[in-house]
Amino acid sequence: MATINFYLDKKDKKGFTPIHLRINCKGSQIKLSTGRKVDPQYFDKEIQRVKGSSKHANITNHYLDFLEERADELLHNSDKKKYTHQRIKDILNQHIESYKENNNVSIVKEQISLYGKPFTFIDLFAGAGGFSEGFLQAEHNNKYFDFILGNDINENCELTHIIRYNHQLGLDAEFLCQDITEPDFLDNLLEKIGNKKIDVVCGGPPCQSFSLAGKRKKFDKKDDLFSHYLEVIKVLQPKYFVMENVKGILTKEKGQIKDIIINQINSIIDVNEIPQLIQFIRNIKNNTNSFIIDVIIKRIEIEEKRENEKDKVEENYIKFIDSKFKQLTPKIVDYKTSKTDTRINTIRHGFNILARKKQWEKLKHNIIKEKDFCNIDNDFFVNDFTVFLTRISTDSVIQEIQSSFQSLEIPSDFKKDCDNIIFALKIYTSTFDEVVRNLSSYCTEIEKKELETILKNIRLYKIEKPFIANASNYGVPQNRERVLFIGCRKDQKFISDIPPTVREEEKVSIFEALYDLDFIGNNEEARRYESINISKQYNGTAKKMKSLLKKRAVSGKINPKGKTFSEWSREGRLIKRYKTKNKPFYVRNSEALKNGEKYFDILNNHKTSNQNKIVIKRLEIILKNGDYKKALKELEEKGLASKKRNYNVLKPEEQSSTIMTIPDDYIHYNSPRPLTVREMARLQSFDDSFVFQGKRSTGGNNRKSEVPQYTLVGNAVPPLLARAIASEILKFIK
C-alpha cells in the first residue's frame, strides 16, 4: 500500500519554502516538486496544507488536493496496468507542468500582429464557440481573423469562452452575457467593441423553434431572434455576415420564413444613400398623392436611425397619421358618433397604442420571458397568453384599426382619404423593400429606371438565397446539414457557396475520429491518453480498421505528409499565431475559477455514464444487430424494450448522423455505451485542448436554463465547417 504526502524543502533567499510531493511504495520513494512555495509558518505539517482562508491558501490547497487525487488514482484505483516509478513521475509531472505554465504566464496578452492583416469578427449566439474556433484556424495569403467579442445568454457559455480564449489562448476577446432581445443589448455591445470596426459577424440563432422535429410554439422567445441579429448587422455594417440554422428553416411555414429573412437582408440599406432617394421621391411628389408620398418619405427616414433613436421618429410617424385622422373625423361621422362609437374609439385608441410601441414591446418581451421561465406550453394557460400577446402586437392593432374603418359607412368623397390612412399604417410595419415596391406604382417608366439605379446603390448587402452545407464535406466526421445565409456588403466580392474541402471518397470516418479514445469502460473517467493496439482490439478486422486511418491536411484533404484526424485533434488546428499559451484546464463553475480551483488534466471531458446492467444488455443487443429497429424484436422477447424512440448505432467506416445534445441517443461502434463529451466533440471537430466547462449534463426543466457540456457540444457549429467559411471569406475580403 502506497502513501502520499507533502513536505517542505529548504527555504529560498526570500524565506519561502518549496512544497514537494512524496510517494512511498514498497520501500522506495518518488519525490516531485509541486512548483508551489509557501511561508513555512503558514504550512500545517500535520494536515499537509496551507493554513488560513486567503485566496493564495485556497488555490494552493485545491492544487495539492488535485495532485493527491491524481496520484491516488494511479497507485490505488487503476486496473489498466502496472506503472513504473518513472511512468508515475512522468504522468504527475505533466499535471505539475500544466500548473506551472498557467501560473508563470500572463493570462491576457495584447493581440500583436505577427504577420499579414487581421480582419475582425464577433460571434453572436456563440455557445461553446464553434464559429470562433473555426475563424481562428483560418488564414489565406497572410490574412487572418482577430476575435473581438462573443455573445450568449448562458453563464456556462461565458465560462467556457473566458477559459478558452482569455486564459488559455491569451486573447483579449470580450464576452457579452446578455439576451440579444434586451432593450440595451446594442448599447452594451457597442460599449464592449469600443472604436473597433467589425469586418465579419457570425452566429447561429438558436434553432429549437425552427427544427422540423421540435415543437412549434407561438411567442417563443427564440422565434424572433433573426430580426434582432439583423439589427446588429444594420448598426455594425460588417463586410460579411454569416447566419447558420437547421435545414428545416427552408420549409418552415411553406418557405415563408426563408423569404422573410431574404427580404429583411435586402432591406438593410446604406444610410448614406438615403438623401438621394428622398430627393428623388420629392421630385415625383407634384405628380401624385402628396399624403402618400409624405408618409413614404417619413417611413424611409426611420431607416436612417439607429435602434435606440427610432422610438421618437416612429412615434412622430404615427402622430402624423393620427393628425390626418383627426382632420378627417368630422367629415365622416357626426359629433356624437365621434365621441361614442366603438369603431371610432378603436381607431383613436389604436393610434395611442401604436405611438407607445416601445413600451408595449418591452411589456411583450417581459411576458414572453416569464412565460418561457414558467414553462407555459401545452396547458390551459397557453391560449390566454397567446391571445393577449397577439392582441398587443403592432400588426394586430393595425388590423383592428383597418377593420373598424371598413365597418364604417364612409361618404364616397372621403373613402380615398381613409384608404390612405390604412396604407400609411401598413407600410409602417413593412420592410424597406416592400415600401419602395409600393413607391414604384407612382412612377413613370423613366422614373422607374432611375429608381432601380438608386435602389441598386442603396442596398447594402447582396444575397440571392441560402444554401445547404454538409459538415462532412469539410473534414468533419458527421453528416450535419446546415443552412447558411452569407450576406456580402456591396463593396465586397459576392460569396454564394462554400466549396467542399474533401471529396466524397476522402470524408473522415467515425473510426478515424474516435479510435484512439477507445480505452474507457462503463462509469469511468480517463484523464490522460492510453495507447491503443488495433491488432489486439479488432483481431480479424484489424487490417480493415487500420486502412481507415489516413494522413490529412488540417482541412481534411488527403495528404501523405499530413496527420491523422486524431493527431490533429490532439495537437490542435489553430494557426501559429493562436497556438495555446497556457495548458488546458477545467473548472466546475465561475466561482471555482475565481477561487483558482482548476483541474490540470492531460485529457478532459472523457467520462462515461454509469449504466446499469439492464441498459448495458439492451445496448449490447442493439449494437449486435447494428440497428435499433432490427433489434426491437429481440429486445421485446428478452424484456429489454425501451420507450426511447431511437438509438443511433455508430458505424466506424461511416460518418455519424447529426450530433445532438443527448448522449444516450448514440451507441459507440465498439462498446455498449453512449459517447463521452470528448468523443462527441471529436465528431464535431473540436480540438482536444478545447475544454468544455461546468456540468457534464442536466435534465428535466433545467435544460431550459442550463447549458452543460453535452449541450455545448451538440449545439455548436463544427469548427472545421466554420474554418471553411472563414477561409472562403478571407480569399475575397477587401
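Select, from D491, D516, the only residue that is more than 27 Å from the chain's Cα centre (by Cα) and outside any loop (DSSP other than H, G, I, E, B). Explain how you work it out, then say what you get.
Numbers: D491 fails: outside any loop (DSSP other than H, G, I, E, B).
Exactly one residue qualifies, and that residue is D516.
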Quick check on my filter: what residues within segment 504-519 are out of contact with any strand residue (DSSP E or B) (no Cβ under 8 Å at 6 or more places or on another chain) and surrounded by 11 or more Cβ atoms within 10 Å (Cβ to Cβ)? K507, S509, F511, E512, A513, L514, Y515, D516, L517, D518, F519
Residue set R36, R70, R22; condition surrounded by fewer than 16 Cβ atoms within 10 Å (Cβ to Cβ) and not assigned by TED's automatic domain parsing to the domain that holds E525; output residue R22
Here are D72, D39, D65: which of them is in contact with a Gly (Cβ under 9 Å, 6 or more places away or on another chain) and either of a type outside the set (G, A, S) or within 29 Å of Y529 (Cα to Cα) (or both)? D39
List every residue pair whose Cβ atoms sit under 6 Å apart, with the two residues 6 or more apart in sequence or on different chains, where the first one lies in segment 470-495 and is at positive phi and not assigned by TED's automatic domain parsing to the domain that holds S566 and the second, anywhere, is buried (at least 20 other Cβ atoms within 10 Å of the Cβ) and not in a loop (DSSP other than H, G, I, E, B). G475/L720
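Find the residue count for segment 1-19, including only residues that are surrounded by fewer than 12 Cβ atoms within 10 Å (Cβ to Cβ) and β-branched (V, I, T). Don't jump to the end; show me each part of the working.
Kept after step one, since they are surrounded by fewer than 12 Cβ atoms within 10 Å (Cβ to Cβ), are these residues of segment 1-19: 1, 3, 10, 12-15.
With the extra rule that they be β-branched (V, I, T), the set shrinks to 3.
Qualifying residue count, segment 1-19: 1.
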Those residues that are surrounded by 14 or more Cβ atoms within 10 Å (Cβ to Cβ) and within 17 Å of D395 (Cβ to Cβ), I need them from segment 405-428; list them, please. F405, I421, I422, F423, A424, L425, K426, I427, Y428
What's the total number of residues in segment 684-734 that are surrounded by fewer than 17 Cβ atoms within 10 Å (Cβ to Cβ) and small (G, A, S)? 3
Check E409 against each of (1) more than 40 Å from the chain's Cα centre (by Cα); (2) within 19 Å of I296 (Cβ to Cβ) and name the one condition it does not meet. (2)
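Restricting the search to segment 72-98, which residues are of a type in the set (K, R), out of contact with any Asp or Glu (no Cβ under 7 Å at 6 or more places or on another chain) and at pLDDT below 85?
Within segment 72-98, K81, K82, R87 meet the criteria.
When you look at K449, is it farther than 16 Å from I269 by Cα and assigned to a loop (DSSP other than H, G, I, E, B), yes or no?
Values: farther than 16 Å from I269 by Cα: yes; assigned to a loop (DSSP other than H, G, I, E, B): no.
Taking the combined requirement at face value, the residue does not satisfy it.
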Let me confirm something: among N715, N646, N701, which residue is out of contact with any helix residue (DSSP H, G or I) (no Cβ under 6 Å at 6 or more places or on another chain) and assigned by TED's automatic domain parsing to the domain that holds K579? N701
Name the one entry in I249, I261, I268, I281 that is within 20 Å of F320 (Cβ to Cβ) and in contact (Cβ under 8 Å) with a residue 40 or more places away in the chain. I281
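Which of the helices (runs of 4 or more DSSP H) contained wholly in segment 252-320 include at least 3 residues that are over 29 Å from F467 (Cβ atoms)? Before the answer, list the steps.
Details: elements: 256-266, 274-285, 290-303.
The qualifying helices (runs of 4 or more DSSP H) are 274-285, 290-303.
Every residue, every condition in (1) surrounded by fewer than 17 Cβ atoms within 10 Å (Cβ to Cβ); (2) among the hydrophobic types (A, V, I, L, M, F, W, C); (3) at pLDDT 95 or above, yes or no:
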position: P584; (1), (2), (3): no, no, no
position: V587; (1), (2), (3): no, yes, yes
position: G596; (1), (2), (3): no, no, no
position: F600; (1), (2), (3): no, yes, no
position: N604; (1), (2), (3): no, no, yes
position: N610; (1), (2), (3): yes, no, no
position: G626; (1), (2), (3): yes, no, no
position: K629; (1), (2), (3): yes, no, no
Only one of R570, R577, R527 is surrounded by 13 or more Cβ atoms within 10 Å (Cβ to Cβ), charged (D, E, K, R) and in contact with a Phe, Trp or Tyr (Cβ under 7 Å, 6 or more places away or on another chain), namely R577
Those residues of segment 545-561 which are of a type outside the set (A, V, I, L, M) and surrounded by 13 or more Cβ atoms within 10 Å (Cβ to Cβ) amount to K546, K550, K551, R552, S555, G556, K557, N559
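Of all residues in segment 291-319, which are free of Cβ contacts under 8 Å to residues at least 40 places away in the same chain and out of contact with any Asp or Glu (no Cβ under 7 Å at 6 or more places or on another chain)? Before the answer, list the steps.
Keep residues of segment 291-319 that are free of Cβ contacts under 8 Å to residues at least 40 places away in the same chain, which gives 294, 297-298, 301-302, 304-305, 309-310, 312-313, 316, 319.
Scanning segment 291-319 gives D294, I297, K298, E301, E304, K305, E309, K310, K312, N316, K319.
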Residue that is surrounded by the most Cβ atoms within 10 Å (Cβ to Cβ) [pool: residues in segment 445-471 that are under 24 Å from the mean Cα position of the chain (by Cα) and over 16 Å from I233 (Cβ atoms)]: A471
Before we move on, is I421 among the β-branched types (V, I, T), part of a helix (DSSP H, G or I) and out of contact with any His (no Cβ under 6 Å at 6 or more places or on another chain)? yes
Q237: passes all of (1) closer than 20 Å to T181 by Cα; (2) over 21 Å from the mean Cα position of the chain (by Cα); (3) at pLDDT 80 or above but (2)
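For segment 373-414, which residues satisfy the criterion of being of a type in the set (S, T, N, Q) and assigned to a loop (DSSP other than H, G, I, E, B)?
Our first condition is that a residue be of a type in the set (S, T, N, Q); within segment 373-414, this holds for 375, 378, 383, 386, 390, 393-394, 396, 399, 402-404, 406-407, 412.
Answer for segment 373-414, where residues must be of a type in the set (S, T, N, Q) and assigned to a loop (DSSP other than H, G, I, E, B): N375, N378, S393.
Scan K357, K369 and give me the residue that is at pLDDT below 90 and either under 19 Å from S227 (Cα atoms) or in contact with a helix residue (DSSP H, G or I) (Cβ under 7 Å, 6 or more places away or on another chain) (or both).
Details: K357 fails: at pLDDT below 90.
Matching residue, one of K357, K369: K369.
Being farther than 30 Å from E447 by Cβ and in the same structural domain as K493 (by TED's automatic domain parsing) narrows it down to one of Q237, Q256, Q264, so name that one. Full working, then the answer.
Numbers: Q237 fails: farther than 30 Å from E447 by Cβ; Q264 fails: farther than 30 Å from E447 by Cβ.
That would be Q256, the only listed residue that is farther than 30 Å from E447 by Cβ and in the same structural domain as K493 (by TED's automatic domain parsing).
Among helices (runs of 4 or more DSSP H) lying entirely in segment 648-734, which contain 1 or more residues that are of a type in the set (F, W, Y) and either touching a Ser or Thr at 6+ places or on another chain (Cβ under 6 Å) or at pLDDT below 95 (or both)?
Numbers: elements: 677-684, 709-714, 719-732.
Here the list reads 709-714.
The values are calculated or read from the model by the stated rules, or taken from the named source; none is laboratory data. Not measured: the values here are computed from a predicted model. Reconstructed Cβ throughout: ideal geometry from the backbone, glycine too, with neighbour counts over all protein chains shown.
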